[in-house]
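A.B. asks: The structure under discussion is supplied below as structure tokens; questions concerning it will follow.
Throughout, read-outs are computed from the coordinates displayed, never taken from laboratory work. If you're wondering where the values come from, they're calculated on a predicted model, not measured in any experiment. As a convention, Cβ positions derive from the backbone with ideal geometry for all residues, glycine included, and neighbour counts pool all protein chains shown.
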Amino acid sequence: MSSLRRLLGNLLLSLGILAGTIAILAHLCLLTIFNPNRLANDAQTLSASPTIQSAIADGLTNALAPITGVSGIVVSHAELQSIVAAAMRQPQVRDQFVSAIRQADGHLLGTNQAPVTIGGPGLTQFIAAGISQYSSSLGNAVQQTNLRIAIPGADLPNLGPLARAARIAVPIATDAAIVLFLLALIIHKARSAVIARIGKWLIAMSIVAVLIFWALPTYLLPKIHLSWALLASVILKATGQGVTVFYLELAVSGVILYLLSKIATKLV
């Protein structure tokens with residue numbers, strides 16, 4: 001009978017950990033990439049990122065293609081990035097960038113399908129003046145246009161269905177995990193072992209969160225010399241900065257439960 005209780009208790013505990021993992025990961029997504037204001041709140045930091053500026057320089061290259069393709073004049077990517085960096089220090093351009101980042105968030109969540117660009121007469125004239133340092137003829141040609149430059153996020157996939165699923169999953173999975181953990185505690189003969197396993201699981205989940213939002217974008221993604229990896233690195237770090245408290249809550253809760261399990265074992 002005791003072995004059956006242990007088997008059933010372990011099964012309930014495993015199901016509870018599965019439900020809890022779904023709840024934690026979904027909650028992390030809602031706090032970060034599915035938070036419609038997270039990227040916009042960090043837009044000032046993003047505008048100063050060389051990686052973001054490089055991506056915007058790519059967009060500027062595409063915007064200039066109709067002119068440079070005809071004239072045959074080439075401005076290097078490094079020169080364009082320098083121009084973009086100078087533009088991003090202008091308050092009006094930064095304001096445009098913040099607004100565009102909000103649109104990019106809308107693309108991600110499926111609430112906005114409009115092109116994600118910055119541009120207009122003011123930015124066009126600033127870019128034209130910067131280009132004139134390298135090619136006066138190209139600068140003069142740009143002055144006659146109305147540049148629209150795609151920013152990172154223009155091609156973001158529509159993750160709206162996943163965001164809606166995460167909102168539904170969090171309360172359901174959380175309630176399911178709590179019920180399953182309580183049943184496991186009631187049925188399992190070694191209750192202290194159940195508490196210890198829950199504690200170690202919470203500590204492990206805090207480590208997973210740190211790996212996703214700190215270690216991965218800090219150490220791994222920058223070594224992948226592809227534009228998507230570099231952009232993901234910048235965005236993950238920016239969105240993950242506001243959830244440090246959540247990591248700590250998971251870790252502290254796990255440590256407390258693990259210590260309680262040890263105390264309970266000694267009392268038995």
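A.B. asks: Taking θ as phi - 60°, what are the ³J(HN,Hα) couplings along region 165-174 by the Karplus curve (6.51, -1.76, 1.60), each to the nearest whole Hz, with x for Gly and Pro?
C.D. replies: 5, 5, 5, 6, 5, 4, x, 5, 5, 5
A.B. asks: Using the Kirkwood radius over C-alpha pairs as Rh, can you work out the diffusion coefficient of the chain via Stokes-Einstein at 4 °C, viscosity 1.567 mPa s, in µm² per second? Each step should come with its number before you reach the end.
C.D. replies: Working: Rh = 21.6 Å.
In µm²/s, the coefficient rounds to 60.
A.B. asks: For L248 and L211, what is the calculated FRET efficiency with R₀ set at 22 Å and r taken between the beta-carbons, to the nearest 0.05?
C.D. replies: Values: r = 15 Å, r/R0 = 0.69.
FRET efficiency, L248 to L211: 0.90.
A.B. asks: Report the normalised scattering of region 127-224 as log10 I(q)/I(0) at q = 0.15, 0.16 Å⁻¹, calculated by the Debye formula with identical scatterers on the alpha carbons.
C.D. replies: Treating every Cα as an identical point scatterer, log10 I(q)/I(0) equals -0.93, -0.97.
A.B. asks: I would also like to ask the following. Below 21 Å Cα-Cα, how many Lys pairs turn up in the chain? Only count pairs eight or more apart in sequence, or on different chains, if you could.
C.D. replies: So the count works out to 6.
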